[in-house]
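The values are calculated or read from the model by the stated rules, or taken from the named source; none is laboratory data. This structure is a prediction, so every number in the text was calculated from the model and none was measured. No Cβ is skipped: glycine too gets one built from the backbone with ideal geometry, and neighbour counts run over all protein chains shown. Accessible surface is based on the protein model in full, side chains and every heavy atom, while ligands, DNA and RNA are left aside. Shrake-Rupley method; radii C 1.70, N 1.55, O 1.52, S 1.80 Å.
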There are 2 protein chains.
Amino acid sequence: MNDKKIILASNNAHKIEEIKDIFSEYEILSLKDIGFFEDIEENGKTFLDNAFIKAKTVHDYLKTKNIEAIVLADDSGLCVDALNGEPGVFSARYASNHGDSVENRKKLLHNLKNIKERTAHFVCILVKMYPNGEWVSAEGKTFGEITKEELGDKSFGYDCIFYSYDLNKTFGQATKDEKNSISHRSRALSKIKL
Amino acid sequence: MNDKKIILASNNAHKIEEIKDIFSEYEILSLKDIGFFEDIEENGKTFLDNAFIKAKTVHDYLKTKNIEAIVLADDSGLCVDALNGEPGVFSARYASNHGDSVENRKKLLHNLKNIKERTAHFVCILVKMYPNGEWVSAEGKTFGEITKEELGDKSFGYDCIFYSYDLNKTFGQATKDEKNSISHRSRALSKIKL
């Protein structure tokens, strides 16, 4: 087995880019790269459930193809305290099933209209599954609050309306390196990096 | 925070000893050591559920005492293929709630009487929880089969009726170092060692 090759259970270009930047000593392949074009139904109740569903689906697919490789699955989202943790596992499809970031942000700002308590955190759950089925999983969080308007031009997900307490600006105003230094994703990755 | 101090969410002497041997560069404290004497009800459906219940309970207790430390919880058991994964999460209390190893082994040998297919594996799930609530978790497995009688004088749990494919003897016949080199627990620990 090539220990430096990791199949990422995702076709989300932003997620792939972030993980490639953080996990730079590994060769990261997306689902497209290995010829997997199905949609994986993420119907779990928690981030952990969904990350396991993705990891296991791709792990089983690799078995059928006799490919021996490590699978990395990521499930992540934004949890807003005043909304009891919403959008949570529905972060990517908050406004609709289309996963439109503009619409999702619009809905969130609308739901927080006139709400003063705007604290929130991003969560990332990773599951790294080995060819023999064993796994390691980790959680990373990053804290901040939801702004009243979009700030910054980087529009990945909720980044431009999430004011980071670590960076004192929104993720949309931060450089890639700044965000990676304190993001939920990098904090989860740092725990399982081998 | 003392990064080298770990509270183990267990009072099981064998488990504590194994983890101390494997995690030797850390100071491992048991629940008794920190003055926690309650029984934690392990009513989860899976090893992962139970490990999280233990980790979270102790994590919350430490918060009330203003102790900042890493918690390590372990849930583990034996899964026998011919018994659809039993005793599984009930491994420690298979015969009764008293957790008597002799009775548990007797019951398992009885239930496998006349059964030829005796393959089994030990599973260990670890949850390491940080003071801020973030966590990392890992699974380790080790494969073998259930013998027809007890072999070896080391009687921790099911060790003397588990013939290890890695060691070509039962865990009850193996030295501590031999067992630690391939055990489910050490394989889980190796994934989250920092």
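Data overview
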read-out	value
Pairwise Lys count, the range B:139-194 - Cα closer than 17 Å, eight or more residues apart or different chains	9
Chain-alone versus full-assembly comparison, the range A:126-155, residues with accessible loss of at least 50 Å² (1.4 Å probe)	A:GLU134, A:TRP135, A:GLU139
Partner lysines for A:LYS65 [C-alpha distance under 21 Å; skip if fewer than 8 residues away on the same chain]	A:LYS4, A:LYS5, A:LYS32, A:LYS54, A:LYS56, A:LYS128
Relative contact order [Cα under 8 Å, 6+ residues apart], chain B, whole percent	18 percent
Identity and axial distance of the chain A residue whose Cβ lies nearest the axis relating A to B, Å	A:SER137, 2
Summed buried accessible area for A+B [probe radius 1.4 Å, Å², rounded to 100]	1400 Å²
Residue-level accessible surface for A:LYS154, protein heavy atoms, 1.4 Å, Å²	90 Å²
Calculated label separations, B:LEU109, copies of the chain, 7 Å along the beta-carbon direction, nm	7.2
Solvent-accessible area, 1.4 Å probe, carbon plus sulfur percent, for the range A:5-192	47 percent
Pairwise Cα inverse-distance average, inverted: Kirkwood Rh of the range A:32-80 (Å)	11.8 Å
Inter-part distance where the range A:51-68 and the range B:83-144 are each reduced to a Cα centre, Å	25 Å
Loop chymotrypsin sites (Phe, Trp or Tyr not before Pro), the range A:1-41, which have at most 11 other Cβ atoms in a 10 Å radius of their Cβ (DSSP)	A:PHE37
Normalised per residue, the volume of the convex hull around the Cα set of the range B:19-101 (Å³)	123 Å³
Relative contact order (%) - criterion: Cα under 8 Å, at least six apart; region: the range A:25-84	27 percent
Per residue, in Å², the accessible surface of chain B once ligands and nucleic acids are set aside, probe 1.4 Å	48 Å²
Convex hull volume per residue in cubic angstrom - Cα atoms of the range A:5-192	106 Å³
Mean projected area (nm²) of the alpha-carbon convex hull when the range B:59-133 is viewed from all directions	6.4 nm²
